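Reading through the structure tokens given below for one structure.
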């Protein structure tokens, strides 16, 4: 399904009345994620915490760079919202929020001093850089 409205229309066609808020909550509860092809439910049980973040990030992030006060993540086309949601739900230390476009996520960091640390932690999480035994 491409949108929550499409889910709502499909349910209505089956005689099930549901509000957008209920659909949104239910999609989240079953672990559905919205990607370039619409909403999808993973076939395997969803990992939790760090493992889930690493999996989502590794699937979608193609590069990470630091900029003044921000960490910039480039993703596959249409995947930025999935990555931003993952970071918003499980923010690494010093991450205060995200802004997503189509293929770019701007990650706001708590201080200029933390930008390099957050960038490195995210690169390790994604698998773009070898870790030193620590986690993000």
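FYI, it's all coordinate maths here, none of it is from the lab. Keep in mind the model is a prediction, meaning the values are calculated, not measured. Quick reminder, even Gly has a Cβ in these numbers, built from the backbone with ideal geometry, and neighbours come from all protein chains shown.
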Report summary line: What helix-only [θ] at 222 nm does the chain give? Using -39500 (n - 2.57) per DSSP H run of at least 4, over all residues, to the nearest 500, the answer is -12000 deg cm²/dmol
Report summary line: Read-out P(r) over Cα pairs in 10 Å bins from 0, in percent, candidates [x] 11, 34, 22, 11, 8, 7, 5, 2, 0; [y] 13, 44, 34, 8, 1, 0; [z] 12, 39, 29, 14, 5, 1; calculated match is [z]
**Report entry** Segment residue 21-residue 40, extension gain: residue separation times 0.36 nm, minus the distance between their alpha carbons
**Finding:** 5.0 nm
**Report entry** Extension reserve of the residue 67-residue 111 stretch, reckoned as 0.36 nm per residue once the Cα distance is removed
**Finding:** 14.7 nm
Query raised in the report: Tell me, in nm to one decimal, what length is gained between residue 104 and residue 14 on full extension, where the rule is 0.36 nm per residue of separation less the Cα-Cα distance?
Result: 28.7 nm
Report task. Could you work out how far helix 4-13 tilts from the main Cα principal axis of the chain, as a 0 to 90 degree angle to the nearest 10? Result -> 20
Report summary line: Between the Cα axis of helix 115-126 and the main Cα principal axis of the chain, the angle (0 to 90°, nearest 10) is 60
Query - Fluctuation leader among 106, 14, 27 - the chain, Gaussian network, Cα springs under 10 angstrom - result: 14
**Report entry** GNM result for the chain, Cα springs below 10 Å: residue of 16, 64, 30 fluctuating most strongly
**Finding:** 16
Query raised in the report: Which residue, 25, 93, 120, has the most motion in a Gaussian network model of the chain that connects Cα atoms within less than 10 Å?
Result: 25
Query raised in the report: residue 58 label point, 7 Å along Cα→Cβ, cut-off 12 Å on backbone N: hits in region 90-127?
Result: 124-127
Report task. Kindly express, to the nearest 10 degrees and within the range 0 to 90, the angle between helix 80-89's C-alpha long axis and the longest C-alpha principal axis of the chain. Result -> 80
